[in-house]
Structure formats: C-alpha cells, structure tokens
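J.: Pasting in a structure now, in structure tokens, and then I'll have a few things to ask.
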Amino acid sequence: MDNLKPKRKRTRARRDVALMVTCLADLMRPSVGFAAVRLLERAGCRVSVPDRQTCCGQPAYNSGDVNAAVPVAQAVIELFEPYDYVVIPSGSCAGMLCQHYPALFEGEWRERALALAAKTWELTRFLTEVAPLPSPKRRPLDAAVTYHDGCAGLREMEVKQQPRQLLLQQCGVEVKELAQTEVCCGFGGTFCTKMPAISSKMADDKLDNAVASGARLLLGGDLGCLLQLAGRARRRGLELEVRHVAEVLAGTPTGPGIGDPRR
Amino acid sequence: MKITSDHFLEHADAALADPDKAQRRDLLGLFMPLARDAAAARYGDFEALRVHLKQVRRHTMEHLEHYLTRFEEEALRNGNQVHFAATPEQLNSTVLSICQDHGARRVAKGKSMVTEETALNDHLQQAGLDVIETDLGEYIIQQAGETPSHIVGPALHKSLAEIRQLFLDRHDLGERPLEQVADIVAEARGILREQFLQAEVGIIGANALVAENGSTMLVTNEGNGDLCANLPPVLIVCTTLERILPRVEDAMALQRLLVRSATGQPQTSYTSFYSGPQRDDDVDGPLETHIILLDNKRTDILASDYSEILDCIRCGACLNHCPIYVGVGGHAYGWVYPGPMGSVLTPLLTSLEQSNDLPNACTSCGRCAEICPANIPLPDLLRDLRQEESQRQLNSPRWRRGLRVHAWFLRHPALYQRLSGWLMPVLAWLGKRRGSLRTLPFAAGWTGTRDFPAPEGGTFMRQYRKRGKVRRRRG
C-alpha cells in the first residue's frame with residue numbers, strides 16, 4: 001500500500017486539461033492542434049480532446065445572429081465543463097468563452113458560462129502561468145522571428161509577454177518587435193470578407209512592418225490573423241514564413257508554413 | 001448634411017485609391033495615439049479619472065431632467081435666454097428667427113458638430129445670411145465646399161499644397177508666395193478678424209454645460225470661440241442635452257480627459273466659461289445671449305440599450321486609434337460623425353437602413369474601447385447594432401442564410417466532422433503545388449485580395465480519432 005501513495009499523488013497532481021482545438025486549427029492546420037497536445041503533455045498535463053467539438057460560435061455572434069450563437073455556446077459549455085481546465089490555442093476563441101459567453105445568458109446558464117470562463121485559458125498564458133513548460137533540451141531556433149499580437153488575446157485575455165517569454169525560454173529567440181504591434185491585422189472574422197479592400201490594407205500595413213522588422217518568420221497565436229496575413233503575403237509574393245507560435249514551441253517544424261508549397 | 005453612409009464601401013474604395021491622402025492618414029494613425037498615450041502617462045492616474053468621469057456621466061444621465069432644470073434656472077438667472085429644440089429643424093429655425101429679430105446679415109461661427117448635424121449653415125444661407133466659419137479647419141473646408149473628415153480636425157484630409165491653392169483661388173489678395181504654414185495662418189487670421197468685427201451674431205458650441213451655475217464651457221486652441229462669443233452683440237450657444245454636468249469641477253475633469261485624448265496636449269490654449277450677457281460693470285461681451293439645447297433623438301437613445309454613447313465627449317481619440325478610420329478617412333462614413341463613435345451614432349441619429357454598413361466597419365479589435373476617455377464599450381455597441389440589423393433583416397440575405405447553415409452544422413458535430421473530414425483533403429489536394437489557392441468558389445470575398453492558404457490535409461479531429469485518442473464521453 002505504501003508504495004502506491006507517491007504514485008497516486010503524482011497522478012493527482014497531473015492537471016486534467018481539455019483541448020479546444022478551434023475550428024480553424026481543426027480544418028486548416030491540424031499541426032497546431034498536435035503541437036498544443038505535445039506542449040500540454042510536456043507541461044505535465046493529462047490532455048483530453050473531447051469529441052463532438054466544432055467551433056465556439058463567433059461567426060454568428062459577431063455578425064449579430066445571437067440566436068444562432070446561443071445553442072452553439074450551450075453545446076460548448078456542456079462538452080467542456082467536466083474538465084479542470086480548458087486550453088485553447090487562440091486568444092480570440094478563448095476571449096469568446098471567457099468574455100462573451102457569460103454575456104449571452106442569464107440565470108443558471110450564466111453561472112455555468114462563468115464557471116467555464118474561470119477555467120479557460122489561452123495556450124501560451126496557460127503554459128507560463130498555470131503549467132509552466134520545463135526547460136528544453138534542444139538547439140535554439142535559428143531564425144529571425146517577429147510576433148503578431150492578436151487583438152482578442154491582447155485585450156480580452158491579457159496575452160502579451162507570455163509568447164515572447166516562451167519563445168526565449170524554449171527556442172532561445174528574441175522577438176524582433178513589429179512597429180505598431182497593437183494595431184489589428186484586419187482579419188476581424190467575417191469583416192475580412194465583408195470589407196476585403198479595407199481588410200487587405202490593414203494586412204498590408206502589418207506585413208510591411210513585419211518585413212521592416214527584418215524577420216523571416218512571422219508568428220502569432222491566432223490562426224484567423226495568420227491565415228489573413230499568410231494569404232495576403234502569398235498574393236503579394238512576400239518571402240515571409242507564417243506559423244502559429246505553438247508549432248515552433250513544440251519543436252522545429254518540418255512541414256511548410258501557412259500557405260507555403262510543400263517542401 | 002446629406003447622408004451618404006449607404007455608399008460606405010464605394011467611398012472606402014475611392015479613399016484607398018488616393019495614396020497621398022492615405023499616407024497622411026497613416027501619419028495621423030501613427031502619431032496621434034503616441035501623443036495621447038504620452039499625455040495620459042504624464043497625467044498620472046488617467047485611468048482613475050476615466051472611471052470617475054464615467055460615474056459622473058452615468059449619474060447625470062440618470063438624473064437628466066433634474067440637472068437640465070437646474071441648468072435652465074441658473075442660466076436664466078444669469079440673463080440668458082434658454083430654448084429647447086426637439087428636432088434639427090427646430091434648432092435651425094430658432095437660430096434664424098433670433099438672427100432675423102436683430103436684422104442680422106452676418107454670422108460668425110465657432111466649430112460646432114451639432115450645427116453640422118442640423119445643417120444650420122445651409123438653412124441660414126438659404127435665408128440670405130452670410131455665415132462664416134472661424135475655426136481654421138472649418139474655414140478651409142467651408143471655402144472648399146467640403147464637409148469635416150474628423151470631429152476635432154475637420155480639414156485633416158487636406159494637404160498644405162491644396163490649402164495654399166485654395167487660398168490663392170478664394171482670396172483676392174494679389175501675387176504672394178504663401179509658402180509657409182505661418183503665412184497661410186496669418187492670411188486666414190487677417191480675413192477672420194474682419195469677420196468677427198462685422199458679424200452681428202456669433203454662434204458657438206459647448207463642450208460642457210454646468211448645472212450648478214448655468215454656464216457653458218468651451219475649449220479651443222485658436223481663441224476663435226472667444227471672439228465669436230464676445231465681439232458680436234448677440235451670442236447663440238448651440239448644444240445638446242447630454243453635455244450637461246452637475247458641477248464646475250466635473251467640467252474640469254472632463255476637460256482634463258478631453259484635451260489629452262483629443263490632441264495629447266496637457267492643456268488647450270483656451271478654456272472658457274460663458275455665463276451670460278454683459279453686465280452693467282462689464283467692459284465688453286455680448287448684449288444678448290441664447291442657449292439652444294437640442295434633443296434630436298438623445299432622449300430616445302437614453303431610454304435604449306445604446307445610452308452609453310451619450311457619454312461621448314467628442315475627443316476624436318477613437319477615430320485616431322481605429323485602423324478602419326485611419327484606412328478610409330472620415331468622408332467614407334458619409335455623414336457628420338465618423339469612426340467608431342460615428343458608426344454607433346449615425347444609425348441612431350439617422351437610421352440603420354441608411355447606414356447599415358457602418359456597424360460592420362469594425363474588426364472588434366477593441367482599441368477604441370481601450371482608450372475611450374468615457375469608457376464607452378464601442379465594439380459591444382456596434383455588435384448590438386449588427387444584432388439589430390440581423391433581427392430587422394437589414395443585412396444581406398446571403399449572409400444570413402450562410403450563417404444559419406454554418407450554425408446548424410455546428411450543432412450537428414457528427415455530420416460537420418464527416419463533411420469537413422472529406423472536404424479538407426480535397427482543398428489540400430487542389431492547393432498542394434502552390435500551397436495556396438488563388439480562387440475558390442463562394443469565397444470571392446476572401447480570394448479577391450488574398451490567396452486562400454491550402455489546408456494541411458485531413459482534419460485534426462479525424463487524424464486524432466484515427467490514433468484512437470479522442471474522448472468519446474467522460475465518465
């Protein structure tokens with residue numbers, strides 16, 4: 001019996017984490033989901049990926065169709081509430097769960113939404129503040145890196161230093177900061193297709209600043225922004241590799257950057 | 001002012017196609033936030049001041065009738081005449097009848113967005129009056145026959161060269177170089193001084209109305225407001241109900257927030273309180289003073305879910321911080337108030353039917369709410385307006401259907417995952433050589449200006465399930 005004790009203690013100490021993959025990582029870039037799983041496991045978490053997850057419902061919510069967003073939010077709350085933590089590789093989806101779900105409801109569902117919000121974390125914040133990653137045993141990343149702050153991560157989830165700190169600690173790279181780093185890249189969910197000319201102007205400003213920073217690799221924590229920036233960079237023929245920060249933190253990526261041809 | 005907000009997208013395209021103006025706007029978007037941040041940091045606890053003013057504003061709006069009654073009593077006691085105008089037409093006709101009572105021919109105006117809202121100049125000019133704008137920016141756009149592009153700097157869209165040419169064309173002053181900014185300012189000053197002296201009526205706006213003593217507060221950098229208020233024999237203050245504040249110290253708190261947020265200055269050149277007409281022992285000042293309080297739907301807004309927009313102090317900081325305003329400029333918005341505050345106010349003061357693009361001109365980036373001195377949750381109010389559009393079916397039927405179908409799939413995860421598990425590998429195959437797609441059916445909104453990055457292949461959920469790791473149900 002005695003020798004079971006420490007073992008049990010260790011299993012109890014392991015954090016029980018549900019990964020919300022996000023619709024964009026699920027559909028467009030599964031390697032972000034796998035990277036998130038690897039990082040969370042490396043940080044000592046027991047990772048679950050609840051089946052039946054799709055999307056947080058932001059497209060309908062931000063377009064004003066609250067009636068469509070409410071049942072989607074209820075499904076997410078039901079699916080994720082059994083876990084100790086919910087971790088999301090996106091500031092925008094995390095912001096939806098933490099800041100906007102509670103505002104959708106009153107009464108019992110509001111309580112449930114608030115309880116979910118209290119245990120929901122954006123990935124890089126979770127890996128610095130809740131379950132810190134151990135020091136790595138790997139070669140430093142040999143690339144000039146810049147970082148795009150997604151607006152929801154920055155303003156709704158207080159994500160700013162955490163990805164930079166992780167990049168330094170895990171990959172040994174110091175981020176070359178973008179000029180006007182706190183200005184939106186023009187993605188804005190459905191905005192980017194409703195007002196493509198304005199959206200692309202904003203992407204161009206961001207990309208020009210990225211090129212001016214001298215970086216070759218543009219990282220970020222939100223696939224929405226990154227698809228927007230990569231899509232515009234490809235159209236302009238810019239030599240800029242665009243990736244989610246989790247891909248780089250999890251190990252030197254082998255596949256192509258977002259929108260790049262296979263190597 | 002005629003509303004053309006329903007052409008927002010066309011205006012925006014035209015604005016983006018003009019590189020000179022776009023570059024000047026980019027500079028505005030770069031430097032004004034730096035100036036505002038530096039001024040806020042130098043103040044000390046700017047955040048506490050924002051919270052304080054917000055409380056004062058909310059309290060005042062909740063007791064609007066009480067404070068308006070008090071203001072009226074005090075203003076009357078000071079010798080002012082106080083008028084209430086429910087509609088823009090009532091404000092315009094009240095101003096015109098005051099002018100006509102005095103046989104006035106010439107009116108000198110200080111900067112006033114309220115009179116832009118009511119199109120007062122057109123009304124007075126149609127009745128045969130000469131109206132001259134005396135704020136330099138307003139004077140420039142009046143001479144050019146244009147409308148303000150920014151609520152604080154109305155002529156920010158014009159270059160020095162354009163203004164120089166405008167003055168050479170409009171002022172019959174012979175050959176002159178007019179090359180330096182100082183020359184242009186001096187020329188305008190010379191012309192405007194004459195106008196102040198000749199005008200029989202002066203019109204100004206107000207940044208605050210003080211209930212406890214019946215005075216109105218105005219901040220300017222040019223001093224033109226004080227000349228409009230003091231030189232002509234008749235003064236008319238055109239303002240709106242929600243400028244009201246209980247005490248002088250509240251007006252001063254507003255002034256501290258306003259000036260730093262608007263221009264990054266610690267103090268404007270002039271901050272004036274106007275109490276009423278010249279008294280017996282005064283050496284100068286107007287002989288007769290009127291205050292017109294316009295409602296124009298403010299009381300409706302106060303009773304609605306959008307009441308916080310009434311806390312707006314018209315500093316223009318949300319414009320300077322909005323990448324969409326900076327991208328397309330104020331004229332694209334098609335009415336008096338542009339940027340985030342304008343995208344909320346325009347639908348409320350005109351109609352959502354006439355301006356349904358404006359609440360969509362927002363990425364919900366939250367930068368405006370972060371710096372708004374009145375702590376107005378602008379992105380939330382814009383989302384509420386989009387909700388109203390959706391409920392009243394003012395957005396495109398294609399969009400509504402698309403979102404409905406998408407939300408339906410989200411609620412049927414098995415089908416969603418099967419379908420996406422099939423579709424994504426197809427898209428990946430289509431884009432495998434280039435890594436991205438140049439065109440995609442039903443996605444012209446994206447691929448018109450951007451490539452569509454090809455998905456990696458099978459979806460995460462399918463791949464993960466194949467590895468037998470997906471949690472079916474938690475026991």
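Conditions (1) farther than 22 Å from A:Tyr83 by Cβ; (2) among the charged types (D, E, K, R); (3) touching a Leu at 6+ places or on another chain (Cβ under 7 Å), marked per residue:
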residue	(1), (2), (3)
A:Ala117	no, no, yes
A:Glu122	no, yes, no
A:Val130	no, no, no
A:Leu133	no, no, yes
A:Arg139	yes, yes, no
A:Ala143	yes, no, yes
A:Gly150	yes, no, no
A:Val159	no, no, no
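J.: Another question, if that's okay. Give the residues of the stretch A:217-239 that are surrounded by fewer than 22 Cβ atoms within 10 Å (Cβ to Cβ) and either charged (D, E, K, R) or free of Cβ contacts under 8 Å to residues at least 40 places away in the same chain (or both), sorted by residue number.
T.: Within the stretch A:217-239, A:Arg235, A:Arg236, A:Gly237, A:Leu238, A:Glu239 meet the criteria.
J.: Of all residues in the stretch A:42-57, how many are surrounded by 24 or more Cβ atoms within 10 Å (Cβ to Cβ) and either more than 17 Å from A:Tyr83 (Cβ to Cβ) or at the interface with chain B (Cβ under 8 Å from one of its Cβ atoms) (or both)? Full working, then the answer.
T.: First pass over the stretch A:42-57, keeping only residues surrounded by 24 or more Cβ atoms within 10 Å (Cβ to Cβ): A:53-57.
In the following step, the residues that additionally are either more than 17 Å from A:Tyr83 (Cβ to Cβ) or at the interface with chain B (Cβ under 8 Å from one of its Cβ atoms) (or both) were identified as A:53-55, A:57.
Number of matching residues: 4.
J.: Got a number for residues in the stretch B:12-28 being touching a residue at least 40 places away in the same chain (Cβ under 8 Å), away from chain A (no Cβ under 11 Å) and open to solvent by less than 60 Å² (accessible area, probe 1.4 Å)?
T.: The qualifying residues number 2.
J.: Now for a different question. Those residues that are within 18 Å of B:Gly327 (Cβ to Cβ) and part of a loop (DSSP other than H, G, I, E, B), I need them from the stretch B:341-374; list them, please.
T.: Result: B:Asp357, B:Ala361, B:Cys362, B:Thr363, B:Ser364, B:Cys365, B:Gly366.
J.: If you don't mind, there's one more thing I want to ask. Mind listing whichever residues of the stretch B:157-209 are outside any loop (DSSP other than H, G, I, E, B), exposed (fewer than 15 other Cβ atoms within 10 Å of the Cβ) and among the polar types (S, T, N, Q)?
T.: Across the stretch B:157-209, the qualifying residues are B:Gln165, B:Gln198.
J.: Select from the stretch A:165-216 the residues that are farther than 20 Å from B:Met32 by Cα, more than 10 Å from chain B (Cβ to nearest Cβ) and open to solvent by less than 30 Å² (accessible area, probe 1.4 Å) and list them in ascending order.
T.: Residues satisfying the conditions are A:Leu166, A:Leu167, A:Gln170, A:Cys171, A:Val173, A:Val175, A:Leu207, A:Ala210, A:Ser213, A:Ala215.
J.: Restricting to helices (runs of 4 or more DSSP H) lying wholly in the stretch A:9-120: which have 2 or more residues that are under 19 Å from the mean Cα position of the chain (by Cα) and under 24 Å from B:Arg404 (Cα atoms)?
T.: Numbers: elements: A:23-27, A:30-42, A:58-62, A:66-80, A:91-95, A:101-104, A:107-118.
Helices (runs of 4 or more DSSP H) meeting the threshold: A:23-27, A:58-62, A:66-80, A:91-95.
J.: Follow-up. When only residues in the stretch A:110-164 that are within 14 Å of chain B (Cβ to nearest Cβ) and not hydrophobic (A, V, I, L, M, F, W, C) count, which is surrounded by the most Cβ atoms within 10 Å (Cβ to Cβ)?
T.: A:Gly153
J.: Another question about this same structure. Tell me the residue from B:Arg400, B:Arg404, B:Arg418 that is in a helix (DSSP H, G or I), under 31 Å from the mean Cα position of the chain (by Cα) and among the basic types (Lys, Arg), please.
T.: On inspection, the qualifying residue turns out to be B:Arg400.
J.: For the stretch B:427-462, which positions are assigned to a helix (DSSP H, G or I) and open to solvent by 60 Å² or more (accessible area, probe 1.4 Å)? Explain how you work it out, then say what you get.
T.: Looking only at the stretch B:427-462, we keep the residues that are assigned to a helix (DSSP H, G or I), and these are B:427-430, B:444-447, B:460-462.
Answer for the stretch B:427-462, where residues must be assigned to a helix (DSSP H, G or I) and open to solvent by 60 Å² or more (accessible area, probe 1.4 Å): B:Trp429, B:Leu430, B:Ala444, B:Arg462.
J.: Here is a further query. Can you find a residue that is touching a helix residue (DSSP H, G or I) at 6+ places or on another chain (Cβ under 9 Å), hydrophobic (A, V, I, L, M, F, W, C), without any contact (Cβ under 8 Å) to a residue 12 or more places away in the chain and more than 9 Å from every other protein chain (Cβ to nearest Cβ) anywhere in the stretch B:425-444?
T.: Yes, the conditions are met somewhere in the stretch B:425-444.
J.: Further, regarding this structure: Cβ contacts < 9 Å: first residue over 21 Å from B:Ile301 (Cβ atoms), restricted to the stretch B:71-89; second residue in a helix (DSSP H, G or I) and of a type in the set (Phe, Trp, Tyr), any location; separation 6+ or different chain. Result?
T.: Short answer, once both residue conditions are applied: B:Val82/B:Phe71.
J.: Identify, from the list B:Leu403, B:Leu394, B:Leu385, the residue that is open to solvent by 20 Å² or more (accessible area, probe 1.4 Å) and either within 22 Å of B:Phe46 (Cβ to Cβ) or within 10 Å of chain A (Cβ to nearest Cβ) (or both). Break it down stepwise before answering.
T.: Details: B:Leu403 fails: open to solvent by 20 Å² or more (accessible area, probe 1.4 Å); B:Leu385 fails: open to solvent by 20 Å² or more (accessible area, probe 1.4 Å).
It is B:Leu394.
J.: Follow-up. Can you name the condition, by its number, that A:Leu39 falls short on among (1) surrounded by 21 or more Cβ atoms within 10 Å (Cβ to Cβ); (2) more than 9 Å from every other protein chain (Cβ to nearest Cβ); (3) within 20 Å of B:Pro379 (Cα to Cα)?
T.: (3)
The values are calculated or read from the model by the stated rules, or taken from the named source; none is laboratory data. Only a predicted model underlies this, so the values are computations on that prediction, with no experimental measurement involved. Note: ideal-geometry Cβ built from the backbone for every residue, glycine included; neighbour counts use all protein chains shown. All accessible areas refer to the heavy atoms of the entire protein, side chains included, with ligands and DNA or RNA removed. Shrake-Rupley method; radii C 1.70, N 1.55, O 1.52, S 1.80 Å.
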